[in-house]
1. Applying the selection to the range 24-79, what residues are part of a loop (DSSP other than H, G, I, E, B), touching a Leu at 6+ places or on another chain (Cβ under 9 Å) and within 20 Å of ILE13 (Cα to Cα)?
2. Within the bounds of the range 63-73, is there any residue that is touching a His at 6+ places or on another chain (Cβ under 8 Å) and among the β-branched types (Val, Ile, Thr)?
3. Anything in the range 48-97 that is of a type in the set (A, V, I, L, M) and either closer than 14 Å to LEU37 by Cα or without any contact (Cβ under 8 Å) to a residue 12 or more places away in the chain (or both)? List them, or say none.
4. Which of the residues belonging to the range 9-31 are surrounded by 13 or more Cβ atoms within 10 Å (Cβ to Cβ) and touching a residue at least 24 places away in the same chain (Cβ under 8 Å)?
Amino acid sequence: MLNYNSVIKGESILLLEETFKHAKQKTVGFKQTQRALEKGLVRRVYLAKDAETHVLRPILEWCHAHQVEHIEVPTMKELGKACGIEVGTAVAAVLED
């Protein structure tokens with residue numbers, strides 16, 4: 001079972017959309033987020049609960065090992081929408097300013 005710092009539900013999705021809309025720097029997708037994590041640029045990671053476990057596990061392990069906050073979003077579709085894209089995404093992140 002994967003462990004998350006916190007979970008976003010309902011009205012919080014609107015706040016997530018605002019977070020990504022106003023973020024100066026962000027990543028969308030596994031590869032971009034993984035590269036940003038490796039460079040130490042990530043402030044907070046968002047993970048879709050319905051994404052494949054084998055996709056999420058390496059990101060979660062990195063977050064735990066490096067004490068990066070990570071938040072669960074119910075679906076890939078909701079996370080993609082919050083990021084301003086028309087498809088779902090398993091992982092996204094807000095980077096340090």
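Coordinate-derived values only; no laboratory data. Remember, predicted model here, so these are calculated numbers, not experimental data. Cβ: placed from backbone, ideal geometry, glycine included. Neighbour counts: every protein chain shown.
1. Narrowing the range 24-79 to residues part of a loop (DSSP other than H, G, I, E, B): 24-25, 29, 39-41, 49-52, 67-68, 74-75.
Subsequent filtering for residues that are touching a Leu at 6+ places or on another chain (Cβ under 9 Å) retains 24-25, 41, 49, 51, 68.
Hits for the range 24-79 are LYS24, GLN25, LYS49, ALA51.
2. No.
3. Passing the criteria: LEU56, ILE59, LEU60, ALA65, VAL68, VAL87, VAL91, ALA92, ALA93, VAL94, LEU95.
4. Taking the range 9-31 and keeping what is surrounded by 13 or more Cβ atoms within 10 Å (Cβ to Cβ), we get 12-13, 16-17, 19-20, 23, 25-30.
Selection gives ILE13, LEU16, GLU17, THR19, PHE20, ALA23, GLN25, LYS26, THR27, VAL28, GLY29, PHE30.
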